[in-house]
1. For B:N28 and A:E136, what is the calculated FRET efficiency with R₀ set at 51 Å and r taken between the beta-carbons, to the nearest 0.05?
2. Give the relative contact order (percent, whole number) for chain B; include only Cα pairs under 8 Å separated by 6+ residues.
3. So if we plug the beta-carbon distance of A:T11 and A:E173 into 1/(1 + (r/R0)^6) with R0 = 30 Å, what FRET efficiency do we get, rounded to 0.05?
4. Of the residues A:L40, A:L221, A:L181, which exhibits the maximal mean-square fluctuation in a Gaussian network model of chain A defined by a 10 Å Cα contact cut-off?
5. Which Cys residues of chain B have no other Cys Cβ less than 4.7 Å away and so no disulfide-compatible partner by this rule?
6. For the protein assembly as shown, what is the convex hull volume of its Cα atoms per residue in Å³?
7. In deg cm²/dmol, rounded to 500, what helix-only [θ] at 222 nm does chain B give when every DSSP H run of at least 4 residues adds -39500 (n - 2.57) and the total is split over its residues?
8. In a GNM of chain B with a 10 Å cut-off on Cα contacts, which of B:I45, B:I16, B:I261 has the highest mean-square fluctuation?
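We did not get these values from a lab; they are worked out from the coordinates using the rules stated. Given the structure is predicted, the values throughout are model-derived calculations rather than measurements. Glycine also receives a Cβ, built like all others from the backbone with ideal geometry; neighbour counts cover every protein chain displayed.
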Protein chains: 2
Amino acid sequence: MGVILSGNKMTKNDLIDCHERIKPFIHNTPVLTSKLINDLTEADIYFKCENFQKMGAFKMRGAANAILKLSDEQKNNGIVTHSSGNHGQALSLAAKKIGIKAYIVMPSNAPEIKKAAVKSYGGQLIECESNLIAREEAARTIVNSQGATFIHPSNNEDVILGQGTACKELIEEYGSFDYILVPVGGGGLIAGTALAVKYFANKSMVIGTEPFESDDAYRSLLSGKIESNTTTNTIADGLRSQLGDKNFPIIQKEVKSIIRIKEEEIIESMKLIWQHLKIICEPSCSLPLAGIIKNKEQFLGKKIGIIITGGNVDLKNLPF
Amino acid sequence: MGVILSGNKMTKNDLIDCHERIKPFIHNTPVLTSKLINDLTEADIYFKCENFQKMGAFKMRGAANAILKLSDEQKNNGIVTHSSGNHGQALSLAAKKIGIKAYIVMPSNAPEIKKAAVKSYGGQLIECESNLIAREEAARTIVNSQGATFIHPSNNEDVILGQGTACKELIEEYGSFDYILVPVGGGGLIAGTALAVKYFANKSMVIGTEPFESDDAYRSLLSGKIESNTTTNTIADGLRSQLGDKNFPIIQKEVKSIIRIKEEEIIESMKLIWQHLKIICEPSCSLPLAGIIKNKEQFLGKKIGIIITGGNVDLKNLPF
């Protein structure tokens with residue numbers, strides 16, 4: 001029963017209010033199409049380019065919403081999170097704009113460009129080992145010592161609502177879709193997207209895409225409970241995290257299926273996007289297109305929306 | 001006197017007619033800004049993203065206009081050009097759309113991605129040595145044997161008018177500018193841009209940017225006559241060509257100055273654009289930003305338009 005309540009807490013009005021609240025802090029990002037990619041897939045694909053979002057990723061949306069909803073007392077003590085990168089940057093920038101302190105726990109093997117960005121946005125970086133337990137422990141230490149509010153990268157209703165505004169904008173500009181495809185990491189984007197679709201384009205079907213090397217969402221949908229990742233050995237560094245109890249019920253209820261993608265398919269699809277859309281995007285962004293290419297029959301002739309999630313790539317470390 | 005006549009042939013109405021003629025064949029490309037780049041330069045910069053143009057470069061504009069203005073008899077015999085790449089691709093695609101034949105002469109050391117693209121667009125590729133004499137001779141052979149019409153990449157009034165429509169769109173969307181900066185290769189883009197500014201935003205100043213390694217325009221403006229390149233040893237492969245008698249008079253009359261850029265400045269600026277604008281652009285595109293960075297005082301606080309000329313980069317061969 002907790003499952004249904006959790007999903008029901010986030011109403012259509014909550015999503016509308018969230019969007020109005022964060023508008024001064026975000027871009028309504030452009031949508032691109034590519035004739036060559038449409039020819040290749042024989043589909044009609046619209047890429048919502050959150051790589052052009054402030055600080056370079058959709059995470060700015062959820063971060064801004066979560067901070068704006070804090071009480072004055074909470075704001076005084078600052079916020080803390082653990083993040084493989086973009087959520088930490090987003091909180092750093094949003095916190096700076098609102099004039100509060102941000103403590104960012106990051107795995108020491110995160111891309112250098114992401115660490116540097118957190119610092120440039122004024123966040124205080126705390127490095128830890130690259131596993132969930134180490135991250136959570138480091139964050140808890142800050143909560144206890146500083147009284148900071150923990151803002152989870154994906155398992156937080158205000159974050160989920162914020163992430164959903166990207167798809168809301170896409171629907172507002174281009175109407176309904178046959179399918180909306182997004183990558184799945186911690187589950188915040190896909191849960192928010194599913195809510196936007198449910199409230200604004202309920203004929204559309206939401207499909208997740210996930211690396212074989214970090215397939216907790218795929219297995220969780222099969223088993224009906226939250227499963228852990230057995231490996232996180234994927235180039236898609238934004239997708240190494242796992243689902244939580246706030247977003248899983250929404251995913252379970254609203255998401256049609258999850259397509260798993262191989263590492264070489266991620267790289268090939270990333271190259272296609274760079275070459276034909278002429279944009280810089282992270283490996284994580286390329287899973288939805290890879291899913292369309294590998295399941296071509298399912299998507300033939302369909303109108304499809306894809307969220308290009310971020311563009312914070314270390315240019316010295318490209319996979320091609 | 002020929003100088004003035006040549007410039008005067010292309011009227012405001014010619015530019016308006018050209019734009020209407022080519023609209024079905026081109027995108028009105030998006031304009032991007034970057035807070036980080038504005039902070040760095042302390043200027044207000046608008047990037048007109050012709051890397052998102054059809055076939056990936058502004059050259060589609062001039063190519064479409066030049067082909068659309070051919071007589072039926074000329075169309076029957078096809079067209080021929082020599083090009084370091086994008087003009088050849090653009091003519092191939094425009095010719096295919098109009099159903100005529102395109103013969104494309106290219107230097108054998110042109111990027112592989114550009115050769116492959118010409119073929120994929122249906123153009124017939126003819127390779128030659130990497131110098132102007134070899135290119136012109138190969139093109140002349142096709143004119144004589146096939147009766148094809150030669151369409152020069154930059155020294156052609158219909159091409160110049162077509163290229164000017166990018167700046168016309170930028171002005172239509174964002175009003176007047178203090179400065180418009182473009183790279184200078186063969187002179188088609190800067191001449192067209194100068195006409196667009198003259199007719200639609202005559203308070204703006206047009207400034208060219210050119211590699212030290214291919215500085216014919218800089219020296220031509222100094223000497224008052226068309227000078228040859230002494231080297232073309234620049235990474236900016238789109239800028240190795242030189243001015244012609246159709247565009248030089250316009251440049252002489254309408255362009256305020258040319259800023260020369262070093263190779264390392266090109267690469268550094270290209271990296272900034274990739275990292276902060278999150279777009280794929282060619283080395284040639286990065287000269288205007290490099291010019292602003294190296295002459296920072298001149299551009300402090302100014303509203304500046306830049307044409308990002310193209311995005312056809314060989315991703316296997318990046319300079320960083």
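1. Values: r = 49 Å, r/R0 = 0.96.
Using R0 = 51 Å, I get an efficiency of 0.55.
2. Details: 701 pairs, mean separation 69.2, N = 320.
Relative contact order of chain B: 22 percent.
3. Numbers: r = 23 Å, r/R0 = 0.76.
Efficiency, from the Cβ-Cβ distance: 0.85.
4. Result for chain A, Cα springs under 10 Å: A:L40 fluctuates most.
5. Among the cysteines of chain B, those whose Cβ sits 4.7 Å or more from every other are B:C18, B:C49, B:C128, B:C167.
6. Details: hull volume 94.9 nm³, N = 640.
Taking the convex hull of the Cα positions in the protein assembly as shown, it is 148 Å³ per residue.
7. Numbers: 15 runs with 146 residues, N = 320.
Result for chain B: -13500 deg cm²/dmol, rounded to the nearest 500.
8. B:I16
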